[in-house]
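Worksheet: the structure to be examined is printed underneath.
Here, each number is a calculation from the coordinates, and none is a lab measurement. Since we're looking at a predicted model, the values are computed, not measured.
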Amino acid sequence: MFRLWLERAECEFLTGNFDTAEQLIGELLQRGSSKIDQAAAYHLKVLLHTVKSENAQAVDIALKCLRLFGIDMPAHPTWERVQAEYETVWQTLDGRPIESLIDLPKITDPELQAAMQLLSILTPSAYFTDLHLFPLLVCRMVNLSMQHGTSGACAHAYGILGHILGPVFHRYSEGYRFAKLACDVVEKHGFIAYHAKVEERNRLAGEIHDSLAQCFTGITMQLGRGPPLLCLYHSTPEASVFCGFAAVFGLTKRHQIF
C-alpha cells in the first residue's frame, strides 16, 4: 500500500500539483515503516523543494534523512572539512589507477543504495546553498563508493568530481579521468538514467581548461535540445521561445568572453 501511495504522490508531483504532492508526502513520512520507505518519501520531498527553488529546505530535509543511514554532514561545512574528505579520496584510492574503479562490484545493500540516490539528487541544491557542501558531498559519495561498491549514483559522483577536480583542486588530468570513468561505469552496468548526466560532466571536464570551449559546449548542449523540441511542438510558440533563448544565451556568453 505504501508503494501505491508513493506512486500517486510522484504522479501529483510530475503533473505540477505540488500542494497535493506535498500533502501526500507528509502522509507517507508518517506511514513509512522502514528506512527504505522513509528515504523514498524524503527523496520525493527533496525533488519537490528543488523544483520550487527551495534549496535550503531541500538540503535540510536530505541531511536529516541521511542521518538515518549514519551519514552526518553539516549544511555549512568548513573548508578544512572539505579538504579532509578530499584527501580521503586519494588515501582510499591508495595508488590504484582511477580507471580500476570500474571493477568495483555493484552495491547490493538497499539502504546504501537509497542513501546514495538521495546524495545524488541533493547535489544541485547543495551547489546553490553552500559551495563547501557541494564538494564535500561529492567526495563523500566517491569515498562511499570505493568502500562499498558502485551504482548509478556513484557514477554521477565520479562525473561531478571529474568536473570540479580541475577548477577547485587543480588536478585537471585526474578530473578528466574520473569523468571518463563515470561514462565507462554507466556503459558497463547499463545505468541508463544517469547517461546524460555523466556525458555532460565528461565533456565539461575535458574542456574545463578552455573557457571558450566550455562556453560553446554549453551552447551546443542547449541547441541539441532544439530538434526534438521542434518535432514535439512543430512551429508552436514554445519552440520559438526555446530557440530564441538559446541564441541569446550563446551571444551573451560570446560577448562575455571577448
From the phi of every residue in region 22-37, what ³J(HN,Hα) in whole Hz does the Karplus formula 6.51 cos²θ - 1.76 cosθ + 1.60 yield, where θ is phi - 60° and glycine or proline is x? 5, 5, 5, 5, x, 5, 5, 5, 6, 8, x, 9, 9, 4, 5, 5
Mean-position separation - Cα centroids, region 2-71 and region 81-126, in angstrom: 23
Note to self: Kirkwood Rh of region 85-209, Cα pairs, one decimal, Å, is 14.0
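Under the 0.36 nm per residue contour assumption, what length would be gained going from the current alpha-carbon distance of Val51 and Thr88 to full extension? Mind showing how you got there, number by number?
On the way: separation 37, 0.36 × 37 = 13.32 nm, distance 3.24 nm.
Length difference between fully extended and current span is 10.1 nm.
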Expected unfolding gain across Lys35-Met1 under the 0.36 nm per residue rule, minus the alpha-carbon gap, is 10.6 nm
For region 131-174, what is the convex hull volume of its Cα atoms per residue in Å³? 65
Interchain or long-range residues, amide H under 5 Å from Thr150's placed H: Lys106, Ile107
